[in-house]
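Student: To start, I am sharing the structure in question, which I have written as structure tokens.
Read-outs throughout are calculated quantities, based only on the coordinates presented, and are distinct from any laboratory measurement. Predicted model, so just to flag it, every value in this text is computed and none were measured. Reconstructed Cβ throughout: ideal geometry from the backbone, glycine too, with neighbour counts over all protein chains shown.
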Amino acid sequence: MTDHDHDTHDHDTHDNDHHHHHTVSYADAVAEMRADKDEFFRTSHHSPLPESERPTFTGLPYFPIDEGLRFEGLELRPYDGDEPVSFAIPTSDGKLRPAVRAGTFRFEIEGVPSRLTAYTFQNQPDDGAVFVPVLDATSGSETYGAGRYLDLDREDDGTYDLDFNLLYHPSCVYDARFSCPLTPAENRLSVRIEAGERLAEGAAH
């Protein structure tokens, strides 16, 4: 079972909420998305949680929202690194998934120039959407050691909005039956990204 089964659902939910953003604050919109996701985890047949854990699920833990960790209007620049553009990304269950380095985002966090590579997968629709897994200085302690994910859609003007408040954990955090892409080393940020989903206290992976 691939991790993107439920992640696609989550992302679609976010898109459907997008038209509400002009009537509610950013923080309220994010809170609404998180409440929807908790309900999905608790009640959906497609929830990544094992069935036995769903009745007692009380919600996912998050860092506080930090609007300074939203980067809007980023250009996806052609990939210019040393790695092959076409490659196989390892997964949590020891497999390989054909992937492509679609390009690179550049931005600054707390004055630190940073970059993240965006990926696409084989048989993915060519609609401009990209997958951005992220490692940072919280990985392996407050957040999952193999990284957290972002799914980014291309905006009408061709740019992308990269919002670390929307970082989410892969499904294999909850159930090992899921096959989740592992974050390539090139997407390790040196700073702490205290935004998005985190692990519960004492649940470091």
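Student: Give me the distance in nm between label points sitting 7 Å out from Cα along the Cα-to-Cβ direction at Asp126 and Phe57, one decimal.
Tutor: For the pair Asp126/Phe57, the computed spacing is 3.6 nm.
Student: Something else about it: Applying the Karplus parametrisation 6.51 cos²θ - 1.76 cosθ + 1.60 with θ = phi - 60° to the phi angles of region 27-42, what ³J(HN,Hα) value in whole Hz is obtained for each residue in order, glycine and proline being reported as x?
Tutor: 4, 5, 5, 5, 4, 5, 4, 5, 5, 4, 5, 4, 5, 4, 4, 7
Student: OK, next. Counting only DSSP beta bridges with both residues in the chain, tell me the antiparallel percent, nearest 5.
Tutor: On the way: 28 of 31 bridges.
Once the DSSP bridges in the chain are tallied, antiparallel ones form about 90 percent.
Student: Any chance you could tell me what percent of the C-alpha pair distances in region 124-177 go past 15 Å?
Tutor: 55
Student: Where Rh is the Kirkwood radius over the Cα pairs of region 81-194, the temperature 20 °C and the viscosity 1.002 mPa s, what D in µm²/s does Stokes-Einstein return? Numbers along the way, then the final one.
Tutor: Numbers: Rh = 14.8 Å.
Using the Kirkwood radius from Cα pairs, D works out to 145 µm²/s.
Student: Now for a separate question. What does the charge dipole of region 61-187 about its Cα centre add up to, to the nearest 20 debye, if the Cβ of each Lys and Arg holds +1 and the Cβ of each Asp and Glu holds -1?
Tutor: Its charge dipole is roughly 640 debye.
Student: Cut-off 10 angstrom, C-alpha nodes, Gaussian network model of the chain. Which of Asn165, Asn187, Asn123 fluctuates the most?
Tutor: Sorting by GNM fluctuation, first place goes to Asn123.
Student: Another question about this same structure. If packing is taken as the average count of other Cβ atoms within 10 Å, what order do 129-140, 72-83 fall into, highest mean first?
Tutor: 129-140, 72-83
Student: Provide the gained length on full extension for the span Glu155 to Arg106, in nm with one decimal, where the gain is 0.36 nm per separating residue minus the Cα-Cα distance.
Tutor: Difference between extended and current length: 16.0 nm.
Student: I would also like to ask the following. Dividing the alpha-carbon Rg of the chain by 2.2 N^0.38 Å yields what? Write down the numbers at each step before the final one.
Tutor: Values: Rg = 16.4 Å, N = 205, 2.2 N^0.38 = 16.6 Å.
Dividing the Cα Rg of the chain by 2.2 N^0.38 Å gives 0.98.
Student: Hey, another quick one. In the chain, if the dipole is taken from +1 on Lys/Arg beta carbons and -1 on Asp/Glu beta carbons about the Cα centre, which of Ser179, Tyr62, Thr159 is farthest to the positive end?
Tutor: Ranked along the dipole, the leading option is Ser179.
Student: If we sort 98-105, 39-46 on the protection proxy, mean other Cβ atoms within 10 Å, highest first, what's the order? Walk me through the numbers before you get to the answer.
Tutor: On the way: 98-105: 18.6, 39-46: 13.2.
Output ranking for 98-105, 39-46: 98-105, 39-46.
Student: Sticking with the crude label model, points 7 Å out along Cα→Cβ, report the distance from Glu72 to Arg188 in nm, one decimal please.
Tutor: 3.4
Student: Could you tally the net charge around Ala185, taking each other residue with its Cβ under 14 Å from the Cβ of Ala185, Lys/Arg +1 and Asp/Glu -1? Mind showing how you got there, number by number?
Tutor: On the way: positive: Arg101, Arg115, Arg188; negative: Asp82, Glu83, Asp136, Glu186.
Every neighbour counted, the sum reads -1.
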